[in-house]
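Enquirer: Below is a structure I'd like to ask you about.
The values are calculated or read from the model by the stated rules, or taken from the named source; none is laboratory data. Remember, predicted model here, so these are calculated numbers, not experimental data. Counting neighbours? That spans all protein chains shown, and the Cβs are built from the backbone with ideal geometry, glycine included. These area figures cover heavy atoms from the full protein model, side chains too; ligands, DNA and RNA do not enter into them. Shrake-Rupley method; radii C 1.70, N 1.55, O 1.52, S 1.80 Å.
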Amino acid sequence: MSGIKANLPQHNRRKGLAMAVLAVLMFSSSAVLVRLSAPIDPLTVTFARLFLGSIIVMLMSRVFTGGFTPPSRQEIPRFLLIGLCAAAHFVLYIVSLSYTSIAHNLSLIYTAPIWVTIFSRMFLKEPFPARKWPAILLTVTGIAIMAGFDPQMDREMLFGDILALGSGITLALYSIAGRSTLKSVPVLTYAATIYGLAAIFTAIPGIAAFDLDAVNWSNLAAVVGAAFLSLGFGHTLFNASLSLLHPTIVNVVATQEVTAGVIMGAIVLSEIPPASTIAGAVIALIGVIWTLTVKSSEK
């Protein structure tokens, strides 16, 4: 890590770290806000969050970059694929929170770097360092402890855990699919387009599941907060920090969404995880950070 830091101007490193930390604090509120959006249907919440998030990012693109340019006709198939992966990730993430705990949900989603490593080898033929295997096994061990020894575990929670794991896998696919695209497309344009396409993919089930009687001012505010604070601003700051910091550092900071999200859940919702869940989540988190660190050290 010291080599990474040495290559970065001190001012940019501090600015990038501040952006990354602020981003994590913002999108760590997502799980709590999604819970507070009940009893609005999760599919409706997903669509509304993506639709509103795409609008705010599009407006930010116009303000900060002077305009929004949609993808060219040749780029549309690639953007559609990325949008589909993003839609699947957000649907699985939000629906999962109706069945499992915040601690389980976030810990399983943050296995995404592990899946990125595996899929990069499978689809992009990137080298797979042998030093990653102990980190991956440690992550799997943490998940096993978290799920296998949780006294609250039942079929419903297991179903939610499976959905959360699927969300982590689709997040990895989303990241891999978008890797090359971000090299040629501005971050705000990319984010607004992907969120907009994901909103289109979730529009039919989201609108079909809408129930006006389930809406009140409190849960409506939670949905808007999840769209603007977590998605629109949080993820935008996260992407901006990538332009100032090495991706490894940014992703290590991002893993702390698990910590912050669990703390927020305990404070706001009194959702205090059992000791086995905390132990498993910590072990899995160490495995993920180890995986990211090994990646940065490979030549």
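Enquirer: So which pairs qualify, if the first residue must be in the stretch 117-129 and free of Cβ contacts under 8 Å to residues at least 24 places away in the same chain, the second must be among the charged types (D, E, K, R) and open to solvent by 100 Å² or more (accessible area, probe 1.4 Å), the Cβ gap must be under 9 Å, and the two must be at least 6 apart or on different chains?
Expert: From the stretch 117-129, the pairs are 128/121.
Enquirer: Give me the residue from the stretch 251-279 that is within 25 Å of residue 130 (Cβ to Cβ) and touching a residue at least 60 places away in the same chain (Cβ under 8 Å) and, out of that set, least open to solvent (accessible area, probe 1.4 Å).
Expert: Here the answer is 255.
Enquirer: Using the structure shown, decide if residue 103 is among the aliphatic types (A, V, I, L, M), open to solvent by less than 20 Å² (accessible area, probe 1.4 Å), under 18 Å from residue 185 (Cβ atoms) and modelled with pLDDT under 95.
Expert: On the way: among the aliphatic types (A, V, I, L, M): yes; open to solvent by less than 20 Å² (accessible area, probe 1.4 Å): yes; under 18 Å from residue 185 (Cβ atoms): no; modelled with pLDDT under 95: yes.
No; evaluated as a whole, the condition is false for this residue.
Enquirer: Which of the residues spanning the stretch 158-204 are of a type in the set (Gly, Ala, Ser), over 16 Å from residue 235 (Cα atoms) and modelled with pLDDT under 85?
Expert: 177, 180, 184
Enquirer: Separate question: Give the number of residues within the stretch 164-181 that are in contact (Cβ under 8 Å) with a residue 40 or more places away in the chain and more than 23 Å from residue 106 (Cβ to Cβ). Working first, answer last.
Expert: If we filter the stretch 164-181 for residues that are in contact (Cβ under 8 Å) with a residue 40 or more places away in the chain, which is where we start, we get 164-178, 181.
When the remaining residues are screened for being more than 23 Å from residue 106 (Cβ to Cβ), the result is 181.
Of the residues in the stretch 164-181, 1 are in contact (Cβ under 8 Å) with a residue 40 or more places away in the chain and more than 23 Å from residue 106 (Cβ to Cβ).
Enquirer: Further question: Please work out if residue 77 is without any contact (Cβ under 8 Å) to a residue 12 or more places away in the chain and out of contact with any His (no Cβ under 8 Å at 6 or more places or on another chain). Reasoning before the result, please.
Expert: Values: without any contact (Cβ under 8 Å) to a residue 12 or more places away in the chain: yes; out of contact with any His (no Cβ under 8 Å at 6 or more places or on another chain): yes.
Considered against the rule, which asks whether it is without any contact (Cβ under 8 Å) to a residue 12 or more places away in the chain and out of contact with any His (no Cβ under 8 Å at 6 or more places or on another chain), residue 77 comes out as yes.
Enquirer: For the stretch 21-46: of the residues being assigned to a helix (DSSP H, G or I) and open to solvent by 70 Å² or more (accessible area, probe 1.4 Å), which is modelled with the highest pLDDT?
Expert: This residue is 36.
Enquirer: If you don't mind, another one. What is the one condition in (1) open to solvent by 20 Å² or more (accessible area, probe 1.4 Å); (2) within 30 Å of residue 126 (Cα to Cα); (3) out of contact with any Gly (no Cβ under 7 Å at 6 or more places or on another chain); (4) among the hydrophobic types (A, V, I, L, M, F, W, C) that residue 208 does not satisfy?
Expert: Failing condition for residue 208: (2).
Enquirer: Which of the residues belonging to the stretch 280-299 are modelled with pLDDT of 85 or more, more than 15 Å from residue 129 (Cβ to Cβ) and open to solvent by less than 30 Å² (accessible area, probe 1.4 Å)?
Expert: Answer for the stretch 280-299, where residues must be modelled with pLDDT of 85 or more, more than 15 Å from residue 129 (Cβ to Cβ) and open to solvent by less than 30 Å² (accessible area, probe 1.4 Å): 280, 281, 284, 285.
Enquirer: Of the residues that sit in the stretch 182-193 and are more than 19 Å from the chain's Cα centre (by Cα) and in contact (Cβ under 8 Å) with a residue 12 or more places away in the chain, which one is surrounded by the fewest Cβ atoms within 10 Å (Cβ to Cβ)?
Expert: Residue satisfying both the conditions and the ranking: 186.
Enquirer: Could you list, in sequence order, all residues of the stretch 181-214 that are within 28 Å of residue 65 (Cα to Cα) and of a type in the set (Phe, Trp, Tyr)?
Expert: 190, 195, 201
Enquirer: Here are the criteria: (1) open to solvent by 20 Å² or more (accessible area, probe 1.4 Å); (2) among the aliphatic types (A, V, I, L, M); (3) part of a helix (DSSP H, G or I). Tell me which single one residue 130 does not satisfy.
Expert: Residue 130 satisfies every listed condition except (3).
Conditions tested, residue by residue: (1) on the phi > 0 side of the Ramachandran plot; (2) open to solvent by 70 Å² or more (accessible area, probe 1.4 Å); (3) part of a helix (DSSP H, G or I).
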{"site": "19", "(1), (2), (3)": "no, no, yes"}
{"site": "48", "(1), (2), (3)": "no, no, yes"}
{"site": "69", "(1), (2), (3)": "no, yes, no"}
{"site": "84", "(1), (2), (3)": "no, yes, yes"}
{"site": "90", "(1), (2), (3)": "no, no, yes"}
{"site": "94", "(1), (2), (3)": "no, no, yes"}
